[in-house]
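The values are calculated or read from the model by the stated rules, or taken from the named source; none is laboratory data. All of these numbers come straight from a predicted model, not from anything done at the bench. Using ideal geometry, Cβ is built from the backbone for each residue, glycine included, and neighbour counts are taken over all protein chains shown.
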Amino acid sequence: MKQIHDRVVFCPIRIDNMSETERNHAMESLMFLFQKKCVRIKARTCANGSTQRQYITKDEATSPTISHEAKIITGVIEAKQKHDIMTADIPYALVQTDIDQSGKKIIMKIREELVDILVDVSPEIYSNYVVQEKGQSVLYVQMLKALYGMMVSSLLYYKKLRKDIESIGFEVNPYDTCVANQIIKGKQHTITWHVDDVKSSHEDIKVNDEFFDWLKDKYANDKIGEVKAKRGTKHNYLGMTLDYKTPGILKIDMTEYVKSMIEECPHKVQGRNATPWTENLFKVDANAKQLGQERKETFHTFLMKGMFLCKQGRPDIQPAIAFLSTRCQDPN
């Protein structure tokens, strides 16, 4: 049984203790394996929370995220005032977040291989809860902690982090609720965050040292992992490289993001152009052959990546992205 801070993330539940509605709304568990740039294989287990859309409204599940404008404005202020910058990553942020057990139970359904793994690891805990459905081994568990993929996970964690930072004196900005400030040593200490990615800045380096110690005390231990922090004048933050090397100036670099788009594209990308598009981009040939399903999905994927790119650091490609967006449903 997976544990965080010596507390259980989920516990098995007998099928006769669930209603038919709870079984029908149970989330599926998913496991993803992917290779990192350092060639290590990383696994991540999460929940497929799509079934929760049937009974959880958008307002109940939407978590605030920092706006692009807030990222740029705070970055420019930090550069102008020559702040010390720290970016930090909180380990397993969501599964450190409790789920209120007084309301509707959140059930996850685990199938086949993952069931076998859990039974092998802790037969005394799980073996008596395994049932057979359509020839498959199935285990139902009740979630006690938030898990990646659950619709409410990010919102629950946002509420937890906000409560924690407010308890040490931060005041959340009323115009962007993922920006918070407090005055320390007569100067403003600013933090911004997007789920578990936190940026902290202050003119005095010792203020960031103390904030880092607080993050470690609050969100890390030997069992869950360490809070990873980066200091200095160059930071990878939310898909952008923020460069503070030149005094008083913030530079935003998206080169690595563009390179990853080129590397991930299944079709060879070559050549150079002086501009992001030509006048031919805006000419639609209604008689051209429609893209097949596979290429249509590729087009859609990279259009979404382009949307992120043009909003973050490449506004020069916005006209092209805006036009290509009109072709998303019927590309040829």
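Taking the criterion of being in contact with a Leu (Cβ under 6 Å, 6 or more places away or on another chain), crowded, with 16+ Cβ neighbours inside 10 Å and in the same structural domain as Met18 (by TED's automatic domain parsing), would at least one residue in the range 113-122 satisfy it? Yes. Among the residues making up the range 66-94, those that are among the β-branched types (Val, Ile, Thr) and either under 16 Å from Asn181 (Cβ atoms) or not assigned by TED's automatic domain parsing to the domain that holds Ile191 (or both) are Ile66, Ile73, Thr74, Val76, Ile77, Ile85.
For the range 307-324, what are the residues that are part of a helix (DSSP H, G or I), under 23 Å from the mean Cα position of the chain (by Cα) and in contact (Cβ under 8 Å) with a residue 40 or more places away in the chain?
Phe308, Leu309, Lys311, Gln312, listed by residue number.
Residues of the range 176-208 that are in a loop (DSSP other than H, G, I, E, B) and free of Cβ contacts under 8 Å to residues at least 60 places away in the same chain: Lys185, Gly186. Every test in (1) in contact with a His (Cβ under 9 Å, 6 or more places away or on another chain); (2) under 30 Å from Asp222 (Cβ atoms) is passed by Thr97 save one, and that test is (1). In summary, strands (runs of 3 or more DSSP E) completely within the range 86-154 and bearing 1 or more residues that are more than 20 Å from Ile224 (Cβ to Cβ), modelled with pLDDT of 85 or more and basic (Lys, Arg) occur at 107-111.
Of the residues making up the range 108-126, just one is closer than 14 Å to Cys11 by Cβ and free of Cβ contacts under 8 Å to residues at least 60 places away in the same chain, namely Glu124.
Restricting attention to the range 155-175, the residues that are under 23 Å from the mean Cα position of the chain (by Cα), of a type in the set (Ser, Thr, Tyr) and assigned to a loop (DSSP other than H, G, I, E, B) add up to 1. When Asp243, Asp316 are screened for being under 30 Å from Ser200 (Cα atoms) and either in the same structural domain as Ser200 (by TED's automatic domain parsing) or modelled with pLDDT of 95 or more (or both), only Asp243 passes. Checking Lys218, Lys163, Lys234, Lys223 one by one, the residue that is modelled with pLDDT of 90 or more, outside the structural domain of Asp16 (by TED's automatic domain parsing) and touching a strand residue (DSSP E or B) at 6+ places or on another chain (Cβ under 8 Å) is Lys234 and no other. Evaluation of Val131 against the conditions (1) surrounded by fewer than 15 Cβ atoms within 10 Å (Cβ to Cβ); (2) within 24 Å of the chain's Cα centre (by Cα); (3) touching a residue at least 24 places away in the same chain (Cβ under 8 Å) shows that the sole unmet condition is (2).
Residue by residue through the range 266-306, note down the ones that are more than 21 Å from Thr326 (Cα to Cα) and touching a residue at least 12 places away in the same chain (Cβ under 8 Å). Within the range 266-306, Pro266, His267 meet the criteria. If the condition is being at negative phi and under 15 Å from the mean Cα position of the chain (by Cα), then the range 85-95 contributes Ala88, Asp89, Ile90, Pro91, Ala93, Leu94, Val95.
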